[in-house]
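What follows is one structure encoded as structure tokens, with my remarks underneath.
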Amino acid sequence: MMNNTLKAILLTSMLPFAANAAQELSPWYVGGGLGVNNYEPNCDQKTMRTCGEDDPYAWDVFGGYLFNDYFGVELGYRDLGRAEWVDYANKLNDVGATGMTLGLVGFWPLADRWSLSAEAGAMNYVLSNNKQWGSEYYSDSGVAPYVGAGIGYNFTENFKLQAKYRRYENLDEDKWNTLEMESNYWGLELSYRFGHSVPAPVVAAVAPLLDSDNDGVTDDMDKCPDTAANHKVDASGCTIYKEVTEQHDLGVILFDNNSSVVKKESYEKIQKLADYLNQHSRSTVMISGHASDVGAPDYNMALSERRASAVADILVNQYGISRARVTSKGYGITQPVIPGRSAEANKANRRIEAHVTGVRTEPVMR
């Protein structure tokens, strides 16, 4: 029989299992079992004459580790009970086996909380014979293979009850070659698995959100619900715009020879230019002055500058256009529209030109 020290070591080795109980279902479990055991051949032993009163009650304790939900390993201690008989020498034999076990276990879940199991391993046994009430006691040890099967039921995720059958082979006494036994065990086992499973978060069913204008922003977030289908939109569902710079030539104003005075008939063009600038508040205008190729170039340069300044002043002073939006510059005779000094060329070249640079916004397309 295993001594008290070995039992203490076994029980101590199970303490880490208990300490490992966590907030989630742990792979560690412990348990114990109780059943009946039948050594065979029992009354068929060669040296037997009559059978005595058996003590067939067997028990075990164990701890296990699950690699996954289907496969694990178990370490345990088992007492297989005892059997008595009187041999042909008229001596009482009282035989029993105890020992440590190590084995692999497999599980197959069935419907609801039921499962099947199978196991295989080895028992490091001590076989003892309290012969003649202990006066001729002897023992031997060895390793015996075993296999088993069972059916289990989980009362909770932690507690499982199993009905077990095990078959032990080669429980032999080899010192004097007096015992060659096998064993059949039937019993119940209760096990406890540490921790508990964490329930999956409950996700409430959410109705799909509408996107009425198909711009990629749902109606609950869309601040511009009627954007065009081909417009790019921002996170609020509103059209994204870009700035585009464009230039316009708004016409020519002619001057008399050697004059920077703006003719009355030219005011209509200047007013149209002012109206455009007022309608496009981010636009600017460049007034360029020019002269005909008559006289000294330096004089003509100054004359062209006076002509440009005259129109610029009218835009600022009479039509209220900001000075910051109006620039003027003279180019003299350097940019004729008709080369030469003919009457036609001179008339066409005594002029100012208005060049407007505007900034407008337009939607960004998909």
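Worth pointing out:
- Residue within the range 156-175 that is modelled with pLDDT of 95 or more, in contact with a Leu (Cβ under 7 Å, 6 or more places away or on another chain) and of a type in the set (Gly, Ala, Ser) present: yes
Quick grid of which residues meet (1) of a type in the set (S, T, N, Q); (2) closer than 27 Å to Asp275 by Cβ; (3) surrounded by 12 or more Cβ atoms within 10 Å (Cβ to Cβ):
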residue	(1), (2), (3)
Ser309	yes, yes, yes
Ile314	no, yes, yes
Tyr319	no, yes, yes
Thr327	yes, yes, yes
Tyr331	no, yes, yes
Ala343	no, no, no
Glu353	no, yes, yes
Thr357	yes, yes, yes
Glu362	no, yes, no
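- Test result for Asp293, closer than 22 Å to Gly330 by Cβ and assigned to a helix (DSSP H, G or I): no
- When Arg49, Arg78 are checked against the criterion of being part of a strand (DSSP E or B) and at pLDDT below 65, a single residue qualifies: Arg49.
- Scanning the range 276-307 for residues that are over 13 Å from Val326 (Cα atoms), of a type in the set (S, T, N, Q) and loosely packed, with under 14 Cβ neighbours inside 10 Å yields a single hit, Gln279.
- Selection of first residues in the range 76-101 that are in the same structural domain as Val30 (by TED's automatic domain parsing) and over 13 Å from Gln132 (Cβ atoms) and of second residues that are modelled with pLDDT of 95 or more and basic (Lys, Arg), restricted to Cβ pairs under 9 Å at least 6 apart or on distinct chains, gives the following pairs, ordered by first then second residue: Arg78/Arg166; Ala97/Arg78; Thr98/Arg78; Gly99/Arg78; Met100/Arg78; Thr101/Arg78.
- Residue in the range 306-317 that is part of a loop (DSSP other than H, G, I, E, B) and in the same structural domain as Gln279 (by TED's automatic domain parsing) present: no
- Inside the range 328-366, residues that are more than 60 Å from the chain's Cα centre (by Cα) and assigned to a strand (DSSP E or B) make up a count of 7.
- Set side by side, the residues Glu169, Glu157, Glu136 differ, and just one is within 55 Å of the chain's Cα centre (by Cα) and part of a loop (DSSP other than H, G, I, E, B), which is Glu157.
Per-residue answers, yes or no, for (1) outside the structural domain of Ala310 (by TED's automatic domain parsing); (2) among the polar types (S, T, N, Q); (3) surrounded by fewer than 16 Cβ atoms within 10 Å (Cβ to Cβ); (4) modelled with pLDDT of 85 or more:
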{"residue": "Leu188", "(1), (2), (3), (4)": "yes, no, yes, yes"}
{"residue": "Val203", "(1), (2), (3), (4)": "yes, no, yes, no"}
{"residue": "Pro208", "(1), (2), (3), (4)": "yes, no, yes, no"}
{"residue": "Gln271", "(1), (2), (3), (4)": "no, yes, yes, yes"}
{"residue": "Ala274", "(1), (2), (3), (4)": "no, no, no, yes"}
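- For the range 222-253, filtered to residues that are within 30 Å of Arg307 (Cα to Cα) and surrounded by 15 or more Cβ atoms within 10 Å (Cβ to Cβ), the residue that is modelled with the highest pLDDT is Ile253.
The values are calculated or read from the model by the stated rules, or taken from the named source; none is laboratory data. Being a predicted model, the structure only gives us computed values, none of them experimental. Reconstructed Cβ throughout: ideal geometry from the backbone, glycine too, with neighbour counts over all protein chains shown.
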